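The block underneath contains the structure these notes are about, expressed in structure tokens.
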Amino acid sequence: MVEDLKAHLAETDFKLGDRELRTRFRAQGLEEDRRFAQVRGALQMQAVDEAYARRVEQRVAAAEVRVERAAFDRVSVW
């Protein structure tokens, strides 16, 4: 499910244009145009992985934990 979500996000919220992808390409020491075409998809997924991890961290940090006392009290602990 996570892979499907990341694929969706790669085409929507986390989609990068060629300018951003070329910046990542050059930051990794890759400069040949022919090679850019070969690694474009991998660069996009790398960006998605990073953005996804940041989003998960943000959501976890903002999560509110609530304990339903009635349900909790019914759980038997050995």
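Of note:
- Here the label points at Q58 and R26, each 7 Å from Cα along the C-beta direction, are separated by 2.7 nm in the simple model.
- Among A10, A63, F25 - extreme Cα towards positive end, dipole of the chain, charges at beta-carbon: F25
- In this structure the chain gives 85 Å² per residue of accessible area when probed at 1.4 Å with all protein chains present.
- Of [x] 22, 14, 9; [y] 42, 12, 11; [z] 31, 13, 10, the label for semi-axes √(5λ) of the Cα gyration tensor in Å derived from the coordinates: [y]
- Surface share of carbon and sulfur [accessible, 1.4 angstrom probe, percent] for the chain: 52
- The magnitude of the dipole of the chain, with charges of +1 and -1 set on the Cβ of Lys/Arg and Asp/Glu and taken from the Cα centre, is near 100 debye.
- Calculated [θ] (222 nm, deg cm²/dmol) that DSSP helices of n ≥ 4 give over the chain, each run adding -39,500 (n - 2.57): -23000 deg cm²/dmol
- Between the helical axis of 2-11 and the longest alpha-carbon principal axis of the chain there is an angle of about 50 degrees.
- Qualifying trypsin sites (Lys or Arg not before Pro) for the chain [loop in DSSP, other Cβ within 10 Å: at most 16]: K15, R66
The values are calculated or read from the model by the stated rules, or taken from the named source; none is laboratory data. Quantities reported herein were computed from a predicted structural model and do not represent experimental measurements. Cβ sites come from the backbone with ideal geometry, for glycine too, and all protein chains shown count toward neighbours. These area figures cover heavy atoms from the full protein model, side chains too; ligands, DNA and RNA do not enter into them. Shrake-Rupley method; radii C 1.70, N 1.55, O 1.52, S 1.80 Å.
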